[in-house]
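Enquirer: Just passing along the structure, written as structure tokens.
The numbers here are math on the coordinates, done by the rules we state, and not lab data. Note that the coordinates shown come from a computational prediction; the quantities given were computed from them, not determined experimentally. Using ideal geometry, Cβ is built from the backbone for each residue, glycine included, and neighbour counts are taken over all protein chains shown.
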Amino acid sequence: MAMTKDFLSREFSKNFQHSPRFFRAPGRINLIGEHSDYNGGFVLPAGIDKYCSIAIAPSSNQISTVIASDLNDKVAFQDIPTHPSPGHWINYVWGVMHAFSARGLTIQPFNAVIQSEVPVGAGLSSSAALEVVFAKAFNELFHFNLSNIELTHIAKEAENNYVGLQCGIMDMFASVHARKDMAIKLDCRNLDIEFVPLQLKTNKILLIDTCIKHELASSEYNQRRHECESVVEKLNQQGIEATSLRDLSNEDLDLHRSLLSENEYLRASYVIEENTRLHQFVAAISTSDWTAAGSLLNASHEGLKNKYNVSCEELDQLVEWCKSCKGLWGGRMMGGGFGGCTINLVEEDEIPATISFVSEQYQSRFGVNPKYYIATTGDGACEF
Ligand code: GAF
């Protein structure tokens with residue numbers, strides 16, 4: 001952190017006069033409970049020790065300037081546009097500003113420098129980390145006194161209302177509330193949380209990054225969400241009281257299967273099963289039953305691939321190859337899908353052999369090398 005602070009400090013003083021304050025917010029992993037958040041279910045994320053950090057201070061004139069040091073890019077502005085600039089990183093900052101102003105809270109002109117260690121496009125929520133760090137910083141800098149939950153909502157609204165991805169609350173919640181060595185068992189229906197100690201003994205969490213992100217990720221994401229909501233609506237019309245898929249069982253689905261399209265049935269069936277798997281997974285890791293935990297990860301991947309249809313060839317291959325690696329208990333695609341990382345539970349001693357085997361296979365099949373991260377947990381957003 002000292003290095004990040006030195007770097008940000010230097011960059012800030014090269015460009016601006018004031019002394020800044022420093023804030024950071026982590027990326028996240030999700031152990032299990034994928035595509036559950038917007039269905040009112042449970043998720044099990046943890047913050048990682050890769051942060052999006054900023055130096056920030058009020059501006060002495062009416063212009064705000066934000067520098068993305070990793071991208072060598074800079075945006076200066078006075079008013080924020082009503083609509084986002086397609087694909088631009090500044091949208092995440094503007095989205096957060098909009099969410100504050102929707103609450104009647106005005107962000108005064110400011111200057112900031114960003115430096116992020118969270119890999120972009122790897123499914124580690126680099127965008128949530130960026131939204132959260134600005135939400136946290138604005139709250140402190142302008143004395144808004146909003147709670148952490150409110151900041152979580154602000155970051156989510158930035159993504160939903162401005163950037164345009166109808167994501168759930170998981171990524172922002174994890175980035176705000178993370179605690180080192182803990183996973184967060186979050187009930188997305190009422191935001192109740194339980195911290196689950198991540199005591200993995202001789203195991204590590206190995207992330208393997210496909211290094212690709214297929215274009216259809218965000219449109220397919222919104223489409224899945226729509227399909228899930230449609231199931232709830234159709235069953236409501238049959239007199240079943242449900243506000244989300246969380247309230248439905250496989251029996252409800254089977255009973256009304258003829259009303260649902262094949263896709264709707266499969267999506268809902270995956271979501272209901274994934275919720276059950278999450279509880280089983282928490283029990284498995286708390287009793288160090290790695291075989292059970294690994295099988296649940298593999299089963300989650302099967303569901304995401306065959307029922308929810310958010311996987312892709314690269315992710316499927318990684319999961320398959322890993323099944324033949326010694327000491328690798330199980331793995332699955334992580335996050336929204338169509339690229340990004342797989343998350344794997346593996347004996348630490350077996351990591352070098354796993355990496356060498358997977359790299360050889362991936363290189364010969366796809367012509368590139370995947371990237372690897374051993375995920376260590378970290379604390380949530382803070383001033384540093
Ligand atoms: C993305 C979204 F942003 C999350 O809200 C969540 O739905 C996840 O995909 C899938 O579990 O990260």
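Enquirer: Mind checking the full-extension length gain between TYR372 and ASN190? Use 0.36 nm per residue of separation minus the Cα-Cα distance, one decimal, nm. Working shown, then result.
Expert: Working: separation 182, 0.36 × 182 = 65.52 nm, distance 3.47 nm.
Separation in residues times 0.36 nm, less the Cα-Cα distance, equals 62.1 nm.
Enquirer: Rounded if a/c is under 1.5, else prolate if a/b beats b/c, else oblate: with a ≥ b ≥ c from the C-alpha gyration tensor eigenvalues square-rooted, which is the range 122-193?
Expert: Details: a/c = 1.43, a/b = 1.14, b/c = 1.25.
Rounded is the answer for the range 122-193, as its axis ratio a/c remains below 1.5.
Enquirer: Per the helix-only calculation at 222 nm, which mean residue ellipticity applies to the chain, given -39500 (n - 2.57) for every DSSP H run of n ≥ 4 and division by its residues, nearest 500 deg cm²/dmol?
Expert: Details: 11 runs with 156 residues, N = 384.
Value at 222 nm, helices only, nearest 500: -13000 deg cm²/dmol.
Enquirer: With the cut-off at 22 Å, tell me which of the pairs LYS5/LYS201; LYS5/LYS74; LYS185/LYS213 have Cα atoms farther apart than that. Please report the intermediate quantities before stating the final value.
Expert: Numbers: LYS5/LYS201 33 Å; LYS5/LYS74 19 Å; LYS185/LYS213 27 Å.
Exceeds cut-off: LYS5/LYS201; LYS185/LYS213.
Enquirer: Given a Förster distance of 30 angstrom, what is the FRET efficiency for GLN280 paired with GLU229, based on the Cβ-Cβ distance and rounded to 0.05?
Expert: Numbers: r = 26 Å, r/R0 = 0.88.
Between GLN280 and GLU229 the formula returns 0.70.
Enquirer: Hey, another quick one. Given the peptides 112-119, 286-293, arrange them by the average over their residues of other C-beta atoms within 10 Å, most packed first. Don't skip to the end; give the middle numbers.
Expert: Values: 112-119: 22.2, 286-293: 15.1.
Listed from highest to lowest mean packing, they are 112-119, 286-293.
Enquirer: While we're on this one: Would you mind computing, in nm to one decimal, how far apart the modelled labels at ARG257 and LYS201 are, each placed 7 Å from Cα along Cα→Cβ?
Expert: 4.0 nm
Enquirer: Moving on. Please compute the net charge surrounding TRP94, taking Lys and Arg as +1 and Asp and Glu as -1 over other residues with Cβ under 11 Å from its Cβ.
Expert: Result for the local shell: -2.
Enquirer: I've got another one for you. Quick check: pseudo-label points 7 Å beyond the Cα along Cα→Cβ at ALA292 and MET1, how many nm apart are they?
Expert: 3.7 nm
Enquirer: Further, regarding this structure: Can you give the FRET efficiency to the nearest 0.05 for ASN145 and ILE212, using r as the Cβ-Cβ distance and R₀ = 45 Å? Walk me through the numbers before you get to the answer.
Expert: Numbers: r = 42 Å, r/R0 = 0.94.
So, using R0 = 45 Å, E works out to roughly 0.60.
Enquirer: Given Cα pairs under 8 Å that are at least 6 residues apart, what percent is the relative contact order of the range 1-96?
Expert: Dividing the mean separation by the residue count of the range 1-96 yields 21 percent.
Enquirer: Take every Cα pair under 8 Å in the chain that's 6+ residues apart, average their separations, divide by the length, and report that relative contact order as a whole percent. Please list the in-between numbers first.
Expert: On the way: 770 pairs, mean separation 89.3, N = 384.
RCO, the chain: 23 percent.
Enquirer: Still on this model: Past 21 Å, Cα to Cα: identify those pairs from LYS136/LYS156; LYS14/LYS50; LYS50/LYS326; LYS136/LYS180; LYS156/LYS305, in the order given.
Expert: Details: LYS136/LYS156 13 Å; LYS14/LYS50 25 Å; LYS50/LYS326 28 Å; LYS136/LYS180 19 Å; LYS156/LYS305 26 Å.
LYS14/LYS50; LYS50/LYS326; LYS156/LYS305, as the Cα separations exceed 21 Å there.
Enquirer: Once you list every other residue whose beta carbon is under 14 Å from the beta carbon of SER13, what net charge do they have if Lys and Arg are +1 and Asp and Glu are -1? Each step should come with its number before you reach the end.
Expert: Numbers: positive: LYS5, ARG10, LYS14, ARG21; negative: ASP6, GLU11.
It works out to a net charge of +2.
Enquirer: List the GluC sites (Glu not before Pro) within the range 170-256 that DSSP assigns to loop and that have no more than 12 neighbouring Cβ atoms inside 10 Å.
Expert: GLU215, GLU241
Enquirer: Evaluate E = 1/(1 + (r/R0)^6) for LEU165 and LYS14, where r is the Cβ-Cβ distance and R0 equals 30 Å; express this FRET efficiency to the nearest 0.05. Could you put the intermediate results ahead of the total?
Expert: Numbers: r = 34 Å, r/R0 = 1.13.
Computed FRET efficiency for LEU165 and LYS14 comes out at 0.35.
Enquirer: Assuming 0.36 nm per residue, please report the length gained on full extension of the stretch GLU302 to ARG179 beyond their Cα-Cα distance.
Expert: Roughly 41.3 nm would be gained on extension.
Enquirer: What's the local net charge at VAL176, with K and R +1, D and E -1, over the other residues with C-beta under 15 Å away? Before the final figure, lay out each step's value.
Expert: Numbers: positive: ARG24, ARG28, LYS136, LYS156, ARG179, LYS180; negative: ASP37, GLU131, GLU140, GLU150, GLU157, GLU159, ASP171, ASP379, GLU383.
That sum, taken over residues with Cβ under 15 Å, equals -3.
Enquirer: Moving to a separate point now. When a/c reaches 1.5 or more, the comparison of a/b and b/c decides; with that in mind, is the range 178-245 rounded, prolate or oblate per its Cα gyration tensor?
Expert: Numbers: a/c = 3.52, a/b = 1.44, b/c = 2.45.
Taking the square roots of the gyration eigenvalues as a ≥ b ≥ c, the range 178-245 is oblate.
Enquirer: Any idea what the relative contact order of the range 287-384 is, in percent, if you count C-alpha pairs under 8 Å spaced at least 6 apart? Don't skip to the end; give the middle numbers.
Expert: Working: 109 pairs, mean separation 21.8, N = 98.
Once normalised by length, the contact order is 22 percent.
Enquirer: So how do 19-27, 31-39 stack up, highest first, on mean other-Cβ count within 10 Å?
Expert: On the way: 19-27: 24.4, 31-39: 26.1.
Highest mean packing first, the order is 31-39, 19-27.
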